[in-house]
Ligand SMILES: *Cc1c(COP(=O)(O)O)cnc(C)c1O
């Protein structure tokens, strides 16, 4: 697959060669657990990472592998590993970098589930997270200490309206000698390429726009292949020292730019087992074929709906970076020139009660804990996804009581607006 092809071509062809056994043009669903070794020597080579091939589908599978190759191509990465969900991808991204006692520095503006995962769950591994306002570059730099092993943010941050200045954050991470991990779920590689802005790792919930139709959960970690894991001896021992979990191999020495990806497969998937299944990979491969077409329509619709809402006097505020009134409008040209995505929040006059009435009165919109579907979706974050956060965390995450999050679908924008109009009438009287 030529690297010269454009995004629109790669989203259809990358990773998908005709099936070597049958010539099947579409990527077959390799619904198999194991693969027959040619002979004992072949088996030994595979286990020694001396030869690339298939052993067992907890580690690798041709359908899942095709998806990883495609996402790596679209993100401009050296390699990628797919896994069972976006949250699995986040753990998989941290796993090769971390040890007990190490920390990460993360933006306060994150998907609610990620705040939860980083606040509490990772502590079970002896890891911790410092949350910082990523508009305050000095604070980000000050938070990086000797135990920090990554900086983490979202490109277009959930629940919407905030765009991270990736180049500035990447420069701070670089100075601190740690990789920048960017969750690119809300933007997709079509709207934003974090690696081009200095990211080392890109994580995705493929559950969202990449699949695009609300059918399967999945995740992916893409590695730029550009971080020097050996720069400071002993800093990233899993990648650049003899790894006891894989008979003492030094992944960086042995595999160079593919060190992170091979570690994630050979140890991450082997021992954590958060594997994507081939059926799920198939749905996501189908979805990605139309990614650019859908994202252009998502962006156009989101703009139309946001502009209409901003003029409506039942609404207090619309936080869409695609609106000239947004304080983050100026970052679009640099970070996501094709548009600011289709995810934003709206402050409704009448507060909590009006928001609850609004979600109950909508007919075309679905009230769900999801985003990035072809269907328009809404959620009142304060009473759902963000309810386990403190009021301060909710406020910081843009999920206050009077706020609903919209994920604008690809329906006719006139129908989307008409539905909001009738539901707002019921919610604010
Ligand atoms: C949904 C989402 C996640 C988590 O992904 P799952 O596939 O639900 O595990 C992480 N980050 C962002 C930005 C998301 O939207």
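Annotation: residue 414 fulfils all but one of (1) surrounded by fewer than 16 Cβ atoms within 10 Å (Cβ to Cβ); (2) modelled with pLDDT under 95; the unmet one is (2). Taking the stretch 246-312 as the region of interest, the helices (runs of 4 or more DSSP H) fully inside it that hold 3 or more residues being touching a strand residue (DSSP E or B) at 6+ places or on another chain (Cβ under 7 Å) are 291-311.
Once the stretch 377-393 is narrowed to residues that are without any contact (Cβ under 8 Å) to a residue 60 or more places away in the chain and part of a loop (DSSP other than H, G, I, E, B), the residue that is farthest from residue 294 (Cα to Cα) is 390. Go through the residues of the stretch 144-162 one by one and say whether even a single one is surrounded by fewer than 24 Cβ atoms within 10 Å (Cβ to Cβ) and either touching a helix residue (DSSP H, G or I) at 6+ places or on another chain (Cβ under 6 Å) or closer than 22 Å to residue 375 by Cβ (or both). Checked the stretch 144-162: no residue is surrounded by fewer than 24 Cβ atoms within 10 Å (Cβ to Cβ) and either touching a helix residue (DSSP H, G or I) at 6+ places or on another chain (Cβ under 6 Å) or closer than 22 Å to residue 375 by Cβ (or both).
The set of residues in the stretch 121-143 being closer than 19 Å to residue 175 by Cα and away from the ligand (no atom under 16 Å from the Cβ) consists of 130, 132, 133, 135, 136, 137, 138, 139, 140, 141, 142, 143.
Among residues of the stretch 226-245 being touching a helix residue (DSSP H, G or I) at 6+ places or on another chain (Cβ under 8 Å) and in a helix (DSSP H, G or I), the one that is modelled with the lowest pLDDT is 245.
If you go through the stretch 196-211 and pick out every residue that is within 12 Å of the ligand (Cβ to nearest atom) and at positive phi, you end up with 0.
Would you please name the residue that is farthest from the ligand (Cβ to nearest atom), looking only at residues in the stretch 160-186 that are under 13 Å from the mean Cα position of the chain (by Cα) and in contact (Cβ under 8 Å) with a residue 40 or more places away in the chain? The qualifying residue farthest from the ligand (Cβ to nearest atom) is 181. When the stretch 85-120 is filtered for residues that are within 12 Å of the ligand (Cβ to nearest atom) and surrounded by fewer than 21 Cβ atoms within 10 Å (Cβ to Cβ), the ones remaining, listed by number, are 85, 113, 116, 117.
Yes or no, residue by residue, for (1) within 24 Å of residue 190 (Cα to Cα); (2) modelled with pLDDT of 95 or more; (3) in contact with a helix residue (DSSP H, G or I) (Cβ under 9 Å, 6 or more places away or on another chain):
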| site | (1), (2), (3) |
| --- | --- |
| 20 | no, no, no |
| 29 | no, yes, yes |
| 45 | no, no, no |
| 54 | no, no, yes |
| 73 | yes, yes, yes |
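Evaluating residue 79 against the criteria (1) at positive phi; (2) touching a helix residue (DSSP H, G or I) at 6+ places or on another chain (Cβ under 6 Å) leaves one unmet condition, (1). Residues of the stretch 212-225 that are within 12 Å of the ligand (Cβ to nearest atom), part of a loop (DSSP other than H, G, I, E, B) and crowded, with 24+ Cβ neighbours inside 10 Å: 218 alone. All told, residue 351 meets the bar of being on the phi > 0 side of the Ramachandran plot and either surrounded by fewer than 21 Cβ atoms within 10 Å (Cβ to Cβ) or without any contact (Cβ under 8 Å) to a residue 40 or more places away in the chain (or both).
Of the residues that make up the stretch 187-195, is at least one away from the ligand (no atom under 16 Å from the Cβ), in a loop (DSSP other than H, G, I, E, B), outside the structural domain of residue 324 (by TED's automatic domain parsing) and within 20 Å of residue 10 (Cβ to Cβ)? Among the residues of the stretch 187-195, at least one is away from the ligand (no atom under 16 Å from the Cβ), in a loop (DSSP other than H, G, I, E, B), outside the structural domain of residue 324 (by TED's automatic domain parsing) and within 20 Å of residue 10 (Cβ to Cβ), which makes the answer yes. For the stretch 313-343, taking the residues that are more than 17 Å from residue 403 (Cα to Cα) and touching a strand residue (DSSP E or B) at 6+ places or on another chain (Cβ under 6 Å), the one that is surrounded by the most Cβ atoms within 10 Å (Cβ to Cβ) is identified as 341.
The values are calculated or read from the model by the stated rules, or taken from the named source; none is laboratory data. Worth saying up front: this structure is predicted, and the values here are computed from it rather than measured. When we count neighbours, we look across all protein chains shown, and the Cβ atoms used for this are built from the backbone with ideal geometry, even at glycine.
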